[in-house]
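Enquirer: Pasting a structure here, questions to come.
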Amino acid sequence: MDQDKIGKFIAECRKEKSFTQAALAEQLGITDRAVSKWERGKNMPDLSIMPDLCELLGISVNELLTGEHIEMEDYRNTAEQNLLELTKKEMLNNKKLLSLEKVIGYTSTVSFMLLIFSASFAVDDVKWRVGMILMGSIILATGMVYCLRIEHDAGYYQCPNCGWKYVPSMKAVFLAPHMGLSRKMTCPHCGKRGYHKKVLTK
């Protein structure tokens, strides 16, 4: 996907509909800075905003992702190509999120271990020991919460029984026993329980 081309197309369609950047942003519930970034090719509209944006601009999502108006005979081929591009982009974003989860997890765990080690062997003052243990525990707990949130938001879980891919509730992920990125949960589709594997795309 050519972000520069898409940005110019958004600007062109916006002007055709006589919207200012601020007016378009207000209709979408975002800032005019976000619209400016789209039009300069610095960023892409979120998937959640695309349908509303396209409706306001009088274009299809397919045309938005292509950065031009599409003739009907080319519509299907272009739609398939755009779907593949979006799937690839989703996979890359989810991979980045899961990599970030590892960095946060390792960093918070190492920080916790260092503070506990220092409190146990390098510090004599009881108050300092208690403070360091408390600080280490807070760092670890905060890191684990962030890791859990990232794991929940990145991709989907797949049922081993029926193959259904879904996003569970945060509570279900938090309470589920896990091995790596697989969590033992009940499938909302077939109702069977098992270790549901993390997958990056539907």
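Enquirer: Expressed as a whole percentage, what fraction of the accessible surface of the stretch 1-135 belongs to carbon and sulfur atoms when a 1.4 Å probe is rolled over the protein heavy atoms? Let's see the in-between values first.
Expert: On the way: 5160 of 9090 Å².
Summing carbon and sulfur atoms, their accessible area is 57 percent of the total for the stretch 1-135.
Enquirer: Additional query: Please state the charge dipole magnitude for the chain, taken about the Cα centre, from unit charges on C-beta atoms (+1 on K and R, -1 on D and E), reported in debye and rounded to the nearest 20.
Expert: On the way: 27 positive and 23 negative charges, 242 e Å.
Here the size comes out at about 1160 debye.
Enquirer: Label points 7 Å out from Cα along the Cβ direction at Met135 and Leu84: separation in nm?
Expert: Between Met135 and Leu84, the simple spin-label model gives 5.4 nm.
Enquirer: Suppose R0 equals 22 Å. What FRET efficiency, 1/(1 + (r/R0)^6) with r the Cβ-Cβ distance, do Leu97 and Leu175 give to the nearest 0.05?
Expert: Details: r = 21 Å, r/R0 = 0.97.
The pair Leu97/Leu175 has a calculated efficiency of 0.55.
Enquirer: For n ≥ 4 DSSP H runs only, could you compute -39500 (n - 2.57) per run for the chain, divide by its residues and tell me the 222 nm figure to the nearest 500? If you can, show how the numbers build up before the last one.
Expert: On the way: 8 runs with 124 residues, N = 202.
Counting only the DSSP helices, I get -20000 deg cm²/dmol.
Enquirer: Once both axes come from the Cα atoms, what is the angle between helix 72-117 and the longest principal axis of the chain, in degrees from 0 to 90, rounded to 10?
Expert: Between the helix axis and the principal axis of the chain, the angle is about 20 degrees.
Enquirer: Given H placed on each backbone N at 1.01 Å, which residues far from His196 in sequence or on other chains put an amide H within less than 5 Å of it?
Expert: Arg183, Lys184, Met185
Enquirer: With a 1.4 Å probe and all protein chains left in place, how much accessible area per residue does the chain have, in Å²?
Expert: Values: 12910 Å² over 202 residues.
Counting only protein heavy atoms, the per-residue value for the chain is 64 Å².
Enquirer: Report the full-extension gain for the segment Glu71 to Trp164: residue separation times 0.36 nm, less the Cα-Cα distance, to one decimal in nm.
Expert: 29.9 nm
Enquirer: At a Förster radius of 25 Å, what calculated FRET efficiency corresponds to the Cβ-Cβ distance of Lys8 and Lys202, to the nearest 0.05? Intermediate values should be presented prior to the final figure.
Expert: Working: r = 31 Å, r/R0 = 1.22.
E(calc), rounded to 0.05, equals 0.25.
Enquirer: Next question, about the same structure. What full-extension length gain, to one decimal in nm, is calculated for Phe117 and Lys37 as 0.36 nm per residue of separation minus the Cα-Cα distance?
Expert: Values: separation 80, 0.36 × 80 = 28.80 nm, distance 4.72 nm.
Between Phe117 and Lys37, full extension yields an extra 24.1 nm.
Enquirer: Okay, moving on. Quick one: if the Förster radius is 45 Å, what FRET efficiency do Glu16 and Asp153 give, using the C-beta to C-beta distance and rounding to 0.05?
Expert: On the way: r = 36 Å, r/R0 = 0.80.
Working from the Cβ atoms, E equals 0.80.
Enquirer: If you wrap a convex hull around the C-alpha atoms of the stretch 46-202 and split its volume per residue, what is the figure in Å³? Walk me through the intermediate numbers first.
Expert: Values: hull volume 24.3 nm³, N = 157.
Hull volume normalised by residue count: 155 Å³.
Enquirer: Considering only Cα-Cα distances, which of the following residue pairs are longer than 19 Å: Lys5/Lys37; Lys88/Lys165; Lys37/Lys202?
Expert: On the way: Lys5/Lys37 13 Å; Lys88/Lys165 17 Å; Lys37/Lys202 28 Å.
In this structure, Lys37/Lys202 lie more than 19 Å apart at Cα.
Enquirer: Figure the gain on full extension for Trp128 and Asp46 (residue separation times 0.36 nm, minus the Cα-Cα span) and round it to one decimal in nm.
Expert: Numbers: separation 82, 0.36 × 82 = 29.52 nm, distance 4.70 nm.
Fully extending the segment from Trp128 to Asp46 adds 24.8 nm.
The values are calculated or read from the model by the stated rules, or taken from the named source; none is laboratory data. Keep in mind it's a predicted model, so treat the numbers as computed, not measured. Glycine gets a Cβ as well: all are built from the backbone with ideal geometry, and neighbour counts include every protein chain shown. These accessible areas exclude ligands, DNA and RNA; they are computed on the full protein's heavy atoms, side chains included. Shrake-Rupley method; radii C 1.70, N 1.55, O 1.52, S 1.80 Å.
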